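To start, the structure under review is shown below, and the notes come after it.
Please treat every number below as a calculation from the coordinates, not as lab data. Everything numeric here is computed off the predicted structure, so don't read it as measured data. Here the Cβ positions follow ideal geometry from the backbone for every residue, glycine too, while neighbour counts run over all protein chains shown.
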Amino acid sequence: MGVLPPQIILTTLNAKYIHASLGLRYLLANLARHGGDDLRARAVLREFTLARPTQDVVDSLLSELGTSDQVQIVGFGVYIWNVTATTEVIRRLKQARPQLLIVIGGPEVSYEYETQEIFRLADHLVTGWGDVSFAKLCRSLIHGPKPLMKVHVGEQPALAEIVMPYAEYSSDDLAHRLLYVEASRGCPFKCEFCLSSLDKTAWAFDLDGFLAELDGLYKRGARNFKFVDRTFNLKIEASARILEFFLERLSPGLFLHFEVIPDQLPDRLKDQIARFPEGVLQFEIGIQSFDEQVQKTISRRQDNARTEANVRWLVEHSHAHLHTDLIFGLPGETLAGFAHGFDRLYKLAPHEIQLGVLKRLRGTPIVRHTTAFQMNYGGAPPYTILSNSTIDTDDMQAFVRLARYWDLIANSGRFKTTLPILLSGSSAFAGFQRLSEWLWRSTRSTTGLTPEQLTDAIFDYACTQIGLAPADIRISLSADYQVSGARGNPKCLRGGIERNLPKAKLRQLAQRQARHRDSAATDTSHRTTSTN
């Protein structure tokens, strides 16, 4: 007797293989609890990546569904990054198997769904929380009575009623993928660009039960944990217990990612953070903007002085790797204002500064500023801001290019010695803005640039635009190139790559070139202010 095909397939298109869908694992785990029968036994989870050709995804799903007279359901997790590709997958599935029942859910289709093509193609939509509601809908579709409505508003149960999803992580997941976990859901803050602003508060899972789940994962070999809590350090007692849990289990390969509130870091947490060795902690720190009026406009509460002090402490007294975030295009913020905030953050020396561009996520309150600030967004995902009352289209496009170059040069970590030399004038943002403009004129591309091409381009820029001595800039670029692990052969370094260059010599070179750059920046600073 052959194996029966599944009645329910839960699926999504992840951005990369390393990502494992936490939401779908919640749905899968809760199929076993909410009802009289065990739908979990009839369900499978199948994840794909956006790189997979659309027809391959469709063929794989159809092959697993096989031919069956039973009701069969495919549930899709839909997000801003995969809605376009998912729409086409669903279109082809319905063309090949019209009787197949398609259920969609996720943040991209929980709001403003009426005009979306994916909503038209689907049979049912579960908005918001789906843990309990998806299971109830599947039972109605399989056993009856058939639901009359297409849209099902997700029921928000008490967290204690939700089955934890962590047993659904496979051994392969534990070995090769980031494991997403959450100690709490929701957010008490009201930043209007974020969907979490719609939450009434934050809800915490039972901490003893959650830590028991983490212990189970750890004992199975899990070492990569990415917490999706919007505010990990909101409740200090819970945060401290979680950190202590991992301090007691320090082992090779352990990696922890947390999103932290920047202005809330009491001494108790600092003491624990300082005990973690290098390579274990990674903190996502959303600064977004230092402009107090902009913060007020978007309903963001943030103590800027405490934020600066905490970031400085983390840089100087911990081994945590810091990803700090700024958002460009917020209502009321000018290019000059953003530049000032960037410089303020750059001086704190976080490991990465993520330069995001504002997106109008469906359902977020940021839409209330559309008229007053002439907010013009793109009509297709990811609905990026194109212009507003303080930033025109040209400046917005220039910033998008700048952000891409910043990722390639700064956030990549490939130019740690050279970058401070290039940005050593009175404004780091102005210095990188000039480099970005020159790179665009020279290459007309922000993608496909190899480390060798970037190295040669930076060498040309430093020599021809700033006036640095070729021999000096070769030393810093050579050091950076060696550390990066690249094995190519940039033109500017051929025959001249320095080996084992003393750190003291690099520091002296940086100081000497910084003084040169300070004087050169005085002559070119008008180029920045004229565009603000």
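Our coupling estimate for the range 411-424, obtained by passing each phi through the Karplus curve with A = 6.51, B = -1.76, C = 1.60 and θ = phi - 60°, is 5, 5, x, 7, 10, 5, 7, 7, 4, x, 5, 5, 10, 7 Hz, Gly and Pro reported as x. Would you mind counting up the charge near Leu178? Only other residues with Cβ under 11 Å from its Cβ, with Lys and Arg at +1 and Asp and Glu at -1. Summing Lys/Arg as +1 and Asp/Glu as -1 gives +3. Converting phi to 3J(HN,Hα) with the Karplus coefficients 6.51, -1.76 and 1.60 and the offset θ = phi - 60°, the range 141-148 yields 5, 8, 9, x, x, 4, x, 8 Hz in sequence order, with x at every glycine or proline.
For Lys219, a cut-off of 16 angstrom between C-alpha atoms picks up these aspartates and glutamates, skipping any fewer than 8 places away in its own chain: Glu168, Asp172, Asp173, Glu248. Taking 23 Å as the straight-line reach from the Cα of Lys416, the lysines in range (excluding those fewer than 8 positions away in the same chain) are Lys347, Lys491, Lys503, Lys505. Can you pick out the pairs among Lys190/Lys270; Lys150/Lys235; Lys136/Lys235 whose Cα atoms lie more than 30 Å from each other? Beyond 30 Å between Cα atoms: Lys150/Lys235; Lys136/Lys235. When semi-axes √(5λ) of the Cα gyration tensor in Å is calculated for this entry, the matching label among [x] 66, 23, 21; [y] 41, 25, 21; [z] 45, 26, 25 is [z].
Over the range 8-160, the pair-distance histogram of Cα-Cα distances with 10 Å bins from zero comes to 11, 45, 38, 7, 0 percent, rounded to whole numbers. Packing order of peptides 482-488, 363-369, 457-463, highest average first: 457-463, 363-369, 482-488 (average count of other Cβ atoms within 10 Å over each peptide's residues). When both the range 352-373 and the range 257-278 are represented by their alpha-carbon centers, they are found 29 Å apart. Partners of Lys16 within straight-line reach, counting lysines whose Cα lies under 16 Å from its Cα and excluding those fewer than 8 residues away in the same chain: Lys226.
Listed from fewest to most Cβ neighbours within 10 Å, the set Glu108, Glu437, Glu316, Glu117 follows the order Glu316, Glu117, Glu437, Glu108. Taking the helices alone, the chain has a mean residue ellipticity at 222 nm of -12000 deg cm²/dmol, built from -39,500 (n - 2.57) per DSSP H run of at least 4 residues and averaged over all its residues.
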